[in-house]
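Following: one structure in structure tokens, then a few remarks.
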Amino acid sequence: MEDKLLNYSLEYIMSDRFAKYSKYIIQERALPDVRDGLKPVQRRILYSMFIEGNTYNHPTRKSAKTVGFVMGNFHPHGDSSIYEAMVRMAQDWKQNEVLIDMQGNVGSIDDDPPAAMRYTEARLSLISNELLKDLDKDTVNFTLTYDDNNKEPTVLPSRFPNLLINGCRGIASGYSTLIFPHNFNEIIEGTIYRIKHPNCSLDELLEIIKGPDFPTGGTISGKEGIKKMYETGIGQIQINSNYKWVSNKNNNALVISEIPYDTIKAKIVSDIDKIRAERKIEGIIEVRDESDKDGLRIVVEIRKEVDKDSIFNYLMKNTQLSVKYTSNVTAIANKTPVLLPLTKCLDYYINHQIDVETRRITFDLNKCLSRLHIVEALIKAIDVTDETVKLIRSSKDKTEAKEKLKKRFNFDDIQAEAIVMMQLYRLTSTNITSLEEEKTNLNSMIVEYNSYLSDEKKLKKLIISYLQDISKRFVRPRKTIIEDDIKDYTVDRKPILIEDCMISVSYDGYFKRSSLKSYSASNEALPGVKTDDLIMGVKEARSDDVLLSFTNKGNYMYIPIFELFDNKWKEEGKHISSIISLSGEEKIIYNLLVKDFTKAIYLVLVSKKGLIKRCLLKDFILSRYSKPSSCMKFKDDDDELASVGYSDGDSLIVLVSKHGKAIMYHENKISLIGVKASGIKAMNIDSSDEVSQMYVYKKNEHSPLACITNKGGFKIFNDYSLNATNRLVKPVDLYKFYRSEPHYVISLIKCDTNTPYLIKCNDSIKEIKFESNKVSTIAKPIKSTLLDNDNQRFIKVSNLIIDEINSKTKTYETKDDEVKVNVVKKETVEEDKELTIFDYLEDL
């Protein structure tokens, strides 16, 4: 035993075995032969049915019988793989020319599975006869089967270029192939042209072979990918569905009659219906599959008032109504996987046909020569009938008779055998005449066969005549349309249905859009929200409006209203992270509904550490909004955005610190800078203090304000309580701040007795209304009058208002000299130690 042990490394064993496995998979399983366009399993199925007589001119037989015969004799790889290959050759939506006629359920374009093999029946189709024609005339090589008990052909004669006509798809070890099907008549005509002009250019062939022709039709968009595929063997093409618009009084209907090759109709219908159900686009009423025996028909009903072309582009972009395929024309040529351009594909096939026809003619020639050899002996024997009969009668058996004939007339063994086996009636004068005619015909045929074998041009003409005959018998109109240019279905803006709706935004980032009908049915109650979340705003809007939402981390989100999740008003919203990648740590602090970005409106932003800035509204427009965008650059890592508001060009800014200090100044005291820049100092406060809230008084606005503290204290004051000053003067005290019992300002709101306010507490959500808007004296102590108990603390206050910018929003021009002074004034720069000239340059 030790002498028989072989020591190899695991690396060597694995590489050797995998190399053998790969070679087998590539050559014997997954890739087609360039000559007949068939994988081994397909070839074995067709050959098995052929030798069993299961052809087009005989009744069908159970598929299970064929599968068993193939598996037992030629393909020992399981019945399922054989039956799957057999069914595919019978599916007219995957094959341009079905090679097997099958009765029963063979599956569907909806990807329904076929019936089991015990239920279906099959036979070879009429055109399969052209693949197997002359197989019995030694036209191809045969090899031993897996068990060495039978022989099978290594390739079929294939009287038409099946590789290009039916195409192929396969994945091997390290190789894959995707060959598109082509029009039957175009490929044959192109093959004929290549035979006549072996050095023709690709452009000449493209005048005949327009491009792939799929059994499911459709439209190929762009010719460049086709040409590249034919030049190199690899090329990408775009296949689009064929459709038409049908309009009626109530809606528009998109009627799809053809879908791209190798797509699943049921999945396309399901994807469109999913888009409708999830309202990814607005305007789709219904999608129906109305396909029947007369053909494919998918109907998408669309509202009359929406842009049908935008919806169509969206569907083409986001479903398999339009697909891109990359061809990879790889096939086995000379036992090697080769990437093949069009000219090489045709050349390999033509050489195969020359070889097949040469072998067929040689076979027929040898048969004629053998027959002539016998006919000549029979004629000679009849000429000397009496002597021939006498020799035979004088012999004691057949063997002696043959020997006497060979010796007397110099016949060989074959001729002697034919003579002794000849029937007596053939000794008549009529038969001698027929033998003479047969000899003449045989000589004529032999001359003709030899002429083909000696003249390649004549042989090619014979091949051409066969191809022309097949092309006439099997006329196939082109199904796929080819367009010169690639169609771009990019949607600049997702198609929407313009409609009024209600929106709500929560502190934790939950957004919702609801119909006015749902809002009215709720008796205009507050929207549904999570238990510990706070509604920050409620607003009526249109689906084409934009919501700007600002977070405490110095980011803002550009949210088209139609992108918001549509839900019932009483149900919870959906976190904005489903649209924009917002982290759970960011909280919504301000919302602005914008209907008109062209207005001369400014956004004022202030951070807790006391940075303030002013930006133009139009600078907040985003073309891509899949993630938040920065709206303020902080100088300290622990800084946050405290408050945001909008100004009209002649507004007063009121700032309140956490310790109850307040200041008011004109907006032109704030530099106008870029969205992503930092800011300037907002107010003079202690290092232990920070900016809490801001309110923007629009021109001619005089409303009482209320500051609310974490301990339930509130103080109502108006703008007359504060003097408009410079930005960095000493602020005033709204109330007495005691460090032993501190009240921290958490909110600054407009005091309105008719407006309900929501307060997020440490233990609940509290709703209050101010019973009086009586202004109290500032700089006095503040009391905890809003708390339910001593342990309760206020965290955030919401007035449920979302500010709106529309065409009626009033704006005022800022005086240029005031802004100029503000930017270059020396004392301002000196007082604002954080600001340098580089900040100004960055802002500009």
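Structure notes:
- Segment 307-348 versus segment 258-285: alpha-carbon centroid distance in Å: 22
- Per-residue Karplus couplings for segment 563-574, computed as 6.51 cos²θ - 1.76 cosθ + 1.60 with θ equal to phi - 60°, are listed in order as 7, 5, 5, 8, 8, 5, 5, 7, 9, 5, x, 10 Hz, Gly and Pro entered as x.
- For segment 322-416: rounded, prolate or oblate by the Cα gyration tensor [a/c cutoff 1.5]: prolate
- Using alpha carbons only, the radius of gyration of the chain set against its Kirkwood radius gives Rg/Rh = 1.26.
- Under 12 Å, Cβ to Cβ, from Leu442 - net charge with Lys/Arg +1 and Asp/Glu -1: -3
- Of the chymotrypsin sites (Phe, Trp or Tyr not before Pro) found in segment 700-750, those in coil by DSSP whose Cβ has at most 12 other Cβ atoms within 10 Å are Tyr738.
- Long-range HN-HN contacts of Val98 with modeled amide H, under 5 Å: none
- Rotationally averaged projected area of segment 679-793 (alpha carbon convex hull; nm²): 8.5
- For Glu258, the residues whose modelled amide H falls within less than 5 Å of its own, excluding neighbours fewer than 5 places apart on the same chain, are Asn242.
- Applying the criteria of a DSSP loop state and at most 15 other Cβ atoms within 10 Å to the GluC sites (Glu not before Pro) of segment 223-288 yields Glu278.
- Most to least accessible of Asp138, Asp485 (protein chains only, probe 1.4 Å): Asp485, Asp138
- Shape call, segment 160-271: gyration tensor on alpha carbons, a/c limit 1.5: prolate
- Highest average first, the peptides 180-192, 350-362 ordered by how many other beta carbon atoms sit within 10 Å of their residues are 180-192, 350-362.
- The heavy atoms of Asp148 present about 100 square angstrom of accessible area, all protein chains included, probe 1.4 Å.
- Dipole moment magnitude, nearest 20 debye, segment 277-414 about Cα centre, only Lys, Arg, Asp, Glu C-beta charged: 820
- Heavy-atom SASA rank of Lys472, Lys587 (probe 1.4 Å, accessible area, largest first): Lys472, Lys587
- In this structure the amide hydrogen of Gly233, modeled in the peptide plane, comes within under 5 Å of the amide hydrogens of Leu342, none closer than 5 places in sequence on its chain.
- Taking the centroid of alpha carbons for each part, segment 30-93 and segment 458-519 are 35 Å apart.
- Global form of segment 495-604, assessed from the alpha-carbon gyration tensor, a/c cut-off 1.5: oblate
- For q = 0.21, 0.22, 0.25 Å⁻¹, Debye-computed log10 I/I(0) when each Cα of segment 528-577 counts as one equal scatterer: -0.94, -1.03, -1.27
- Angle in degrees between helix 456-473 and the longest Cα principal axis of the chain, rounded to the nearest 10: 60
- Per-residue Karplus couplings for segment 650-659, computed as 6.51 cos²θ - 1.76 cosθ + 1.60 with θ equal to phi - 60°, are listed in order as 9, 9, 9, 9, 10, 10, 10, 8, 4, 8 Hz, Gly and Pro entered as x.
- Remark: for residue pairs Lys574/Lys635; Lys210/Lys487; Lys661/Lys681; Lys512/Lys769; Lys608/Lys774, the C-alpha separation exceeds 23 Å in Lys574/Lys635; Lys512/Lys769; Lys608/Lys774.
The values are calculated or read from the model by the stated rules, or taken from the named source; none is laboratory data. Only a predicted model underlies this, so the values are computations on that prediction, with no experimental measurement involved. With ideal geometry, Cβ positions are generated from the backbone for all residues, glycine too; neighbour counts draw on all protein chains shown. These accessible areas exclude ligands, DNA and RNA; they are computed on the full protein's heavy atoms, side chains included. Shrake-Rupley method; radii C 1.70, N 1.55, O 1.52, S 1.80 Å.
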